[in-house]
Every structure is written in structure tokens, then in C-alpha cells.
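K.L.:
The structure follows.
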């Protein structure tokens, strides 16, 4: 069986994300969305990354 994709259901979301990315990039802001299953080490990775980069970059975390 072949299923044809007629429309990207995330099209509106993709356009909004691209707009936000463009606006933030113009201000020199880099945004990262960290996703993973529970217990995969997201918080540990984030804490270590902040510890390593805090003297070089201004960082913020939004939950």
C-alpha cells in the first residue's frame, strides 16, 4: 500500500519556528530545544554544559 502525503501538518509550526529563529539570530541569540526520554541525561548534560561555558557565554534556561 502506498500513502501519499498531501500536506505537511506541521507547516504552520515550521513557519513560526523559522520566524522566531530569524528574529533571535539577528540579535545574536542561539536557542536550543533539548528533548529526550525520561532518565536519558538531559539535565546532567545541561548542567555540565552550563558549568563549562558559563565563563564564556551568557546563558539562560527556560523550562
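K.L.:
May I ask you to list pairs of residues, at least six apart or on different chains, whose Cβ atoms are under 6 Å apart, with the first in segment 31-48 being under 20 Å from residue 60 (Cβ atoms) and the second being at pLDDT 95 or above and assigned to a loop (DSSP other than H, G, I, E, B)?
P.N.:
From residues that are under 20 Å from residue 60 (Cβ atoms), the pairs are 42/36.
K.L.:
Would you check if residue 29 is under 15 Å from the mean Cα position of the chain (by Cα), surrounded by fewer than 10 Cβ atoms within 10 Å (Cβ to Cβ) and assigned to a loop (DSSP other than H, G, I, E, B)? Quick ask: steps written out before the conclusion?
P.N.:
Numbers: under 15 Å from the mean Cα position of the chain (by Cα): yes; surrounded by fewer than 10 Cβ atoms within 10 Å (Cβ to Cβ): no; assigned to a loop (DSSP other than H, G, I, E, B): yes.
Spelling it out, it is not the case that residue 29 is under 15 Å from the mean Cα position of the chain (by Cα), surrounded by fewer than 10 Cβ atoms within 10 Å (Cβ to Cβ) and assigned to a loop (DSSP other than H, G, I, E, B).
K.L.:
Moving to a separate point now. Search segment 33-56 for residues being surrounded by 10 or more Cβ atoms within 10 Å (Cβ to Cβ) and part of a loop (DSSP other than H, G, I, E, B), and hand back the single one that is nearest to the chain's Cα centre (by Cα).
P.N.:
34
The values are calculated or read from the model by the stated rules, or taken from the named source; none is laboratory data. This one's a predicted model, so the numbers in the text were calculated from it and none came from an experiment. Neighbour counts are summed over all protein chains in view; Cβ atoms, including those assigned to glycine, are modelled from backbone coordinates with ideal geometry.
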